[in-house]
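Please read the structure below before turning to the comments.
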Amino acid sequence: MAKNKPEIPSVIDVSRQLRKGSLKPVYYLFGEDVFGINSTLELIDKAISPVIESDFDKEFYYGEDKTVQQIISAANAYPFGSSKKLLVVKEFDKVKEKKNLVSYISAPSETTIMVLIQYGGISNYAIEPFKSLVSSGYIYESRELKGNNLIEWLIDYAETRGKFISNSNADYLINLLGGNRTLLESNLEKLFVFLGDKKEVDINVIKSLTVSLKQNTIFDLQNAVGNRNEALALKVLHNLLDNGVEPTVIVFMLVRYFTAIAKLIELSRGSIQPAEIAKKIEVPYFTLNDYNSAVKNFSAGQVLEAANALFKAEKTLKTTSSDIKTTLTILLYEIFHGEQ
């Protein structure tokens, strides 16, 4: 665990600052989420590009090839033919004598935007240059996003493209596609093209795009399973795999689905309002009827059998080289033909 870890802002904050026209002289981007770091670098590059007139004013280095002094000298050099220049150092953690960067942090060049990148965590924030980076507000962490943080990122990404997606529709899209941000970004771009001049990504747009692509979704698989339609479930499963959906995402979403069904079985014995039930089992309200139908088709014992089958499939995917389609086909068979 990192020693004396202060509160570090997320790379998502960089996106918001750039939209307000705020561009800092130094950015230290680090963390486990490579996608977030690379996306933020692209945003910074895009923000400074209008004032860069020469390709020579975009410099890219790797930490193992440069000393801190060489990096500082490059940063202090005037742009070749522009008012500003961009200097990027990837794998800055491989640079020796990093503490010598402190002198530059305290007095950065007015004509250079320096972006330092570290793929991975920081073990000690109390040492330099991290102490100075924190106090100067130049450091941002790229964390693996889940739950509300992933929803927040998706909403923020839409805003950068001049579009709007509500919290509930962002959640719906994540449930549909899983948490892979590359996949989410790719499909958002398709949605934006589909929208044209319209601004809002609403539920109808999401569903229309899914239909237009003739591609099944995780929800289609869940509904086929919930309705105990084995033939359709198998067809949808193969469609998902053929369209590049990760098998671990499919298993994860089915685990989430049966977890919700198990909770619903318990809650349905009380007198809780439907909206509150949807909140407690963590599903969009408009999908509650589908879950209620599934409860009629699966007993508590069958839900437990499904959970065991999912656990076994997950273990097989992670620990063996078994054929993916075969493994997930067996999974569906065990879900449909478990305890009767």
Hey, any hits in the stretch 50-68 for a residue that's farther than 21 Å from Asp93 by Cα and either outside the structural domain of Ser109 (by TED's automatic domain parsing) or touching a Pro at 6+ places or on another chain (Cβ under 6 Å) (or both)?
-> yes
Checked Gly270, Gly196, Gly244, Gly179 against criteria (touching a helix residue (DSSP H, G or I) at 6+ places or on another chain (Cβ under 7 Å) and among the small types (Gly, Ala, Ser)); the one match is Gly179
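So which of Leu264, Leu254, Leu237 is more than 22 Å from the chain's Cα centre (by Cα) and over 23 Å from Asn167 (Cβ atoms)? Don't jump to the end; show me each part of the working.
Details: Leu264 fails: over 23 Å from Asn167 (Cβ atoms); Leu254 fails: more than 22 Å from the chain's Cα centre (by Cα).
Testing whether each residue is more than 22 Å from the chain's Cα centre (by Cα) and over 23 Å from Asn167 (Cβ atoms) leaves just Leu237.
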Any chance the stretch 55-74 includes a residue that's buried (at least 18 other Cβ atoms within 10 Å of the Cβ), under 24 Å from Leu154 (Cα atoms) and not hydroxyl-bearing (Ser, Thr, Tyr)?
-> no
Scanning the stretch 158-173 residue by residue, those surrounded by 19 or more Cβ atoms within 10 Å (Cβ to Cβ) and touching a residue at least 60 places away in the same chain (Cβ under 8 Å) turn out to be Asp171, Tyr172
Could you pull out every one of the helices (runs of 4 or more DSSP H) wholly within the stretch 248-340 that has 2 or more residues that are among the acidic types (Asp, Glu)?
-> 300-319
Does any residue of the stretch 31-38 turn out to be among the aromatic types (Phe, Trp, Tyr) and exposed (fewer than 13 other Cβ atoms within 10 Å of the Cβ)?
-> no
Any pair with Cβ under 6 angstrom, 6 or more apart, that starts in the stretch 253-281 at a residue that is free of Cβ contacts under 8 Å to residues at least 12 places away in the same chain and ends at one that is assigned to a helix (DSSP H, G or I) and surrounded by 15 or more Cβ atoms within 10 Å (Cβ to Cβ) = Ala278/Leu288
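Do we find that Glu53 is modelled with pLDDT under 95, acidic (Asp, Glu) and more than 18 Å from Val11 (Cβ to Cβ) in this structure?
So Glu53 passes the test.
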What residue, among those in the stretch 164-206 that are under 24 Å from Val283 (Cα atoms) and part of a loop (DSSP other than H, G, I, E, B), is modelled with the lowest pLDDT?
-> Gly178
Just name the residue that is surrounded by the most Cβ atoms within 10 Å (Cβ to Cβ) out of those in the stretch 132-156 that are without any contact (Cβ under 8 Å) to a residue 40 or more places away in the chain and out of contact with any strand residue (DSSP E or B) (no Cβ under 9 Å at 6 or more places or on another chain).
-> Leu154
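For the stretch 229-246, state whether one or more residues are on the phi > 0 side of the Ramachandran plot and at pLDDT 85 or above. Show your work before the answer.
Initially, the stretch 229-246 is screened for residues on the phi > 0 side of the Ramachandran plot, giving 244.
Applying the additional criterion that residues be at pLDDT 85 or above yields none.
No, the stretch 229-246 has no match at all.
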Failed condition for Leu184, given (1) assigned by TED's automatic domain parsing to the domain that holds Lys96; (2) surrounded by 19 or more Cβ atoms within 10 Å (Cβ to Cβ) | (1)
State yes or no: is Val95 under 28 Å from the mean Cα position of the chain (by Cα) and crowded, with 16+ Cβ neighbours inside 10 Å?
-> no
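The values are calculated or read from the model by the stated rules, or taken from the named source; none is laboratory data. Bear in mind the structure is a predicted one, so any value in this text is a computation, not a measurement. Glycine gets a Cβ as well: all are built from the backbone with ideal geometry, and neighbour counts include every protein chain shown.
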